[in-house]
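Have a look at the structure below, then the notes.
We did not get these values from a lab; they are worked out from the coordinates using the rules stated. Since the model is a prediction, treat every value here as computed from it, not as a measurement. Note that we place each Cβ from the backbone using ideal geometry, even for glycine, and neighbour counts take in every protein chain shown.
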Amino acid sequence: MSKDEALWVVIRAAGLVFLVLTVVSLTSLLSVGTYWLYLSDVGMVVDETSPVLSGKVMAEKTAKTLLSNRVGEFFLYGISAFYFMRKGNLVHRFVSK
């Protein structure tokens, strides 16, 4: 196996790692989605005079932050996995020098 072929194997392996991270990120995104549904059910019980209204607001902000983080991770890992598995020419050129 030449140096060039070994580099391609390493690049494809990095793509495989990013693919696994994409799947893990997808499951995490689904769990945040179920948390969001649970939060909406809890929010229906809380009225405007309840002392837990500030806790509900904080939980909503936390859920929005979690959701945006997980969506960002999912797209970042997905794009990286696609690039390393399908193309990877730029990385190969950079590493082979």
What full-extension length gain, to one decimal in nm, is calculated for Leu67 and Val24 as 0.36 nm per residue of separation minus the Cα-Cα distance?
14.0 nm
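All other residues with a Cβ under 14 Å from the Cβ of Thr22 taken together, and with Lys, Arg as +1 and Asp, Glu as -1, what is their net charge?
Details: positive: Arg70, Arg86; negative: Glu73.
Local charge sum for Thr22: +1.
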